[in-house]
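See below for the structure under consideration.
The values are calculated or read from the model by the stated rules, or taken from the named source; none is laboratory data. None of these values were measured; they are calculated from a predicted model. We place every Cβ from the backbone using ideal geometry, glycine too, and count neighbours over all the protein chains shown. All accessible areas refer to the heavy atoms of the entire protein, side chains included, with ligands and DNA or RNA removed. Shrake-Rupley method; radii C 1.70, N 1.55, O 1.52, S 1.80 Å.
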Amino acid sequence: MAMRRHHDMGGLDAGPVDQAEHDYSPWEKRVDAIMRLVSDKQRRLMTVDELRRGIESLGPGAYEDYNYYERWIASITNVLIEKGVLGVDELGRRMEDVRARWEHAR
């Protein structure tokens, strides 16, 4: 028998599911847009299977602590780095730029 991995929650009691519609925050909409762009027929930088593999590859702590769109963006980032579309150094520089703009705006 195969051992259950940390992301495999099928059949586990998770309590009630809130099925009410909710508003998405701007950053969640951006993550959705990024996924649509990197997986569209023109670019084909990433498939939905690669997204799923990336999410399932997150360690137990990250998988449990991240919300839905945090898992998506972590997976997208890791797959794009694996494929050489995005470099770790470039990502670090961009993150610092965003952090500096955010701090300045406060």
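Quick notes
- Accessible-area composition of the chain, carbon plus sulfur, in percent [1.4 Å probe]: 53 percent
- The mean sequence separation of alpha-carbon pairs under 8 Å and at least six residues apart, normalised by the residue count of the chain, gives a relative contact order of 22 percent.
- Kirkwood Rh in Å, taken over the chain so that all alpha-carbon pairs contribute: 16.1 Å
- For the chain, accessible area per residue (1.4 Å probe, heavy atoms of protein chains only), Å²: 81 Å²
- Using a probe of 1.4 Å, the accessible surface attributed to Ser57 totals some 80 Å² when neighbouring protein chains are kept in position.
- Helix-only arithmetic for the chain: the sum of -39500 (n - 2.57) across DSSP H runs with n ≥ 4, divided by the residue total, places the mean residue ellipticity at 222 nm at -18000 deg cm²/dmol.
- Dipole magnitude of the chain, debye to nearest 20 (Cβ charges: Lys/Arg +1, Asp/Glu -1, about Cα centre): 480 debye
- Mean-square fluctuations from a GNM of the chain, with a 10 angstrom spring cutoff on Cα atoms, peak among Gly59, Gly15, Gly92 at Gly15.
- Whole-number percent relative contact order across region 45-95, with pairs defined as alpha carbons under 8 Å at least 6 apart: 38 percent
- Where a label projected 7 Å from the Cα of Trp102 along Cα→Cβ would reach, residues of region 70-90 with amide N under 17 Å: 70-75, 77
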